[in-house]
Amino acid sequence: MKKAEKTTIVDELAAQFARATMALVSEYRGLSAAESTDLRRRVREVAGEIKVAKNTLVRRAIKETPYAALAPQLGGPIVIVFCYGDPVTVAKTIAGLRDLGDKFKVRGGVLSGKPLTAEEVQALATLPSREVLMAQLLGLLQAPATRLVRLLNEPGSALARLVDAIGKRNGEGAPAASAGPAEASAGAPQ
């Protein structure tokens, strides 16, 4: 490989790392072409990308970046999984590749400049998606307001129930206060 080609690859990798919200390092051994294509398709569906690159070129691309923590995980045949969207969905997709067994194994990664172990990537995969987390947060934020409204409405509701109960009690024992329409028309002069 010529020096110009290496420089181009390092620049492309650096641009991908700059765009990514999370990057994972995985080792791959013995993947068939069909498995590799399926893997790339699945990751692309969740706003991710898979890149196979030489370790030395990846080391140059991550030097002095938040992804420099990936350096100890490099070595041997690796693949870099870039996440450009929600890290949880990419982690779930990667965790769902258990059917590949030892052919595809996550070594670790970096999320927002923080290094992740393989176990932490697995834990990230168990989190609910971003939309579900936002809905849960919204529910938590609305709960105190809902309780306050219910508390403020309670005295008025209690008064209304009391008036209704008194009205029902007095209405049962009292004679009919007004005559029905048939009685009123029979007693009226014609």
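A short reminder: the numbers here are calculations on the coordinates, not readings from a lab. Just so you know, these numbers come straight off a predicted model, no measurement behind them. Cβ coordinates were reconstructed from backbone atoms using ideal geometry, including for glycine residues, and neighbour counts include every protein chain displayed.
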Inset, instruction - Please find, in a Gaussian network model of the chain (springs between Cα atoms separated by less than 10 Å), the residue of V149, V121, V79 whose mean-square fluctuation is greatest. - result: V149
Legend entry - Positive-end extreme of charge dipole, the chain - chosen from T8, L162, Q122 (charges on Cβ): T8
Legend entry - the chain: relative contact order as a whole-number percent, Cα under 8 Å and 6+ apart: 24 percent
Legend entry - Contact order relative to length of the stretch 40-102, as percent, for alpha carbon pairs under 8 angstrom and 6 or more apart: 46 percent
Inset, instruction - Per residue of the stretch 145-161, in order, report the coupling 6.51 cos²θ - 1.76 cosθ + 1.60 (Karplus, θ = phi - 60°) as ³J(HN,Hα) in whole Hz, putting x for Gly and Pro. - result: 5, 5, 5, 5, 4, 4, 5, 5, 7, 4, x, x, 5, 5, 5, 5, 5
Legend entry - Inter-site label distance for A135 and R147 at 7 Å from Cα along Cβ, in nm: 2.3 nm
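Once fully extended, how much extra length lies between R29 and T65, figured as 0.36 nm per residue of separation less the alpha-carbon to alpha-carbon distance?
On the way: separation 36, 0.36 × 36 = 12.96 nm, distance 2.80 nm.
Contour length minus the Cα-Cα distance gives 10.2 nm.
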Legend entry - Length gained when the stretch K6-K114 is fully extended (0.36 nm per residue, less Cα-Cα span): 36.1 nm
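Where a ≥ b ≥ c are the square roots of the eigenvalues of the C-alpha gyration tensor, would you call the stretch 33-169 rounded, which needs a/c under 1.5, or, failing that, prolate if a/b is larger than b/c, or oblate?
Details: a/c = 4.85, a/b = 3.11, b/c = 1.56.
It is prolate, given that a/c is not under 1.5 and a/b is the larger ratio.
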Legend entry - Fluctuation leader among L57, L116, L162 - the chain, Gaussian network, Cα springs under 10 angstrom: L162
